[in-house]
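Structure record follows, encoded as structure tokens.
The values are calculated or read from the model by the stated rules, or taken from the named source; none is laboratory data. None of these values were measured; they are calculated from a predicted model. Cβ placement follows ideal geometry from the backbone for every residue including glycine, while neighbour counts extend to all protein chains displayed.
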Amino acid sequence: MDYFLLKQDERYTDVPLLLDVHKKIDTRDIHPTRAYKIADPLIFHVKAGEESSYLDIMDRQLLLLSDKLKRVVEAYEPDTLFKLVPLIDLSRHRQNNYYLPILEEVEAVSPRSEFNLDKSVIKRLVLLEEKLRGKKIVRLKESEKPLIVVRLDVAESILRRDLTGIRLERVPVEERGY
């Protein structure tokens, strides 16, 4: 089975910047057993320019999904918990609603993956198929930055929609343990 990393297209550089992220949320709470500690709605003021792009996925500070992308995730993983995240740009009198998904976390990174020296960044990702069996959308437990992996059918569904700023990157999958 083919899997893809779902992430923000890095070619979009002018995106809203969330202010005071670490004052408003402890990222360790973005987990199914601790999500009750996260405010709902979780309101952020943003710094954005006139031309800033509100993409369908934003993952620089927190993983945030637009309503359109949230509906795709719900179709494949109906039990996913979402927190409403209104992004408010006071200087432009603008509000855009996003959703923080609380996805199932899976330890599926193969030992054949390549990391930087302190193992905080995965330079080359390889997944273990047996850990992903039957899973459609998961968050990789081994990464501090939210790494979301989607199965081929989910990736195709995302591509069929008119979404902006999404990048899908095929990830090699190891069929059985090393």
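Per-structure values
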quantity: Subset of the range 143-178 [of a type outside the set (D, E), surrounded by 12 or more Cβ atoms within 10 Å (Cβ to Cβ) and assigned to a strand (DSSP E or B)]; calculated: I148, V149, V150, R151, I166, R167, L168, V171, V173
quantity: Which numbered condition F82 fails, given (1) part of a strand (DSSP E or B); (2) over 15 Å from the mean Cα position of the chain (by Cα); calculated: (2)
quantity: Out of L64, L55, L81, sole residue that is aliphatic (A, V, I, L, M), at pLDDT 95 or above and more than 14 Å from L103 (Cα to Cα); calculated: L55
quantity: Some residue of the range 37-49 being of a type in the set (V, I, T), in contact with a strand residue (DSSP E or B) (Cβ under 8 Å, 6 or more places away or on another chain) and surrounded by fewer than 17 Cβ atoms within 10 Å (Cβ to Cβ); calculated: yes
quantity: First in the range 101-122 and of a type in the set (S, T, N, Q), second anywhere and part of a loop (DSSP other than H, G, I, E, B), Cβ under 8 Å, 6 or more apart; calculated: S110/V126; S110/Y178; S113/L125; S113/V126; S120/E144
quantity: Hey, L42 under 23 Å from L159 (Cβ atoms) and either in contact (Cβ under 8 Å) with a residue 40 or more places away in the chain or touching a Leu at 6+ places or on another chain (Cβ under 7 Å) (or both) or not; calculated: no
quantity: Residues of the range 14-56 classified as within 12 Å of V85 (Cβ to Cβ) and either among the β-branched types (V, I, T) or in contact with a Lys or Arg (Cβ under 6 Å, 6 or more places away or on another chain) (or both), total; calculated: 8
quantity: Selection count where residues are in a helix (DSSP H, G or I) and either in contact (Cβ under 8 Å) with a residue 24 or more places away in the chain or charged (D, E, K, R) (or both), scope the range 1-38; calculated: 8
quantity: All positions within the range 92-131 that are of a type in the set (G, A, S) and surrounded by 12 or more Cβ atoms within 10 Å (Cβ to Cβ); calculated: A108, S110, S113
quantity: Meets criteria (within 19 Å of Q61 (Cβ to Cβ) and not hydrophobic (A, V, I, L, M, F, W, C)) for K136; calculated: no
quantity: Qualifying position, being under 15 Å from T164 (Cβ atoms) and either in a helix (DSSP H, G or I) or not hydrophobic (A, V, I, L, M, F, W, C) (or both), among L55, L69; calculated: L69
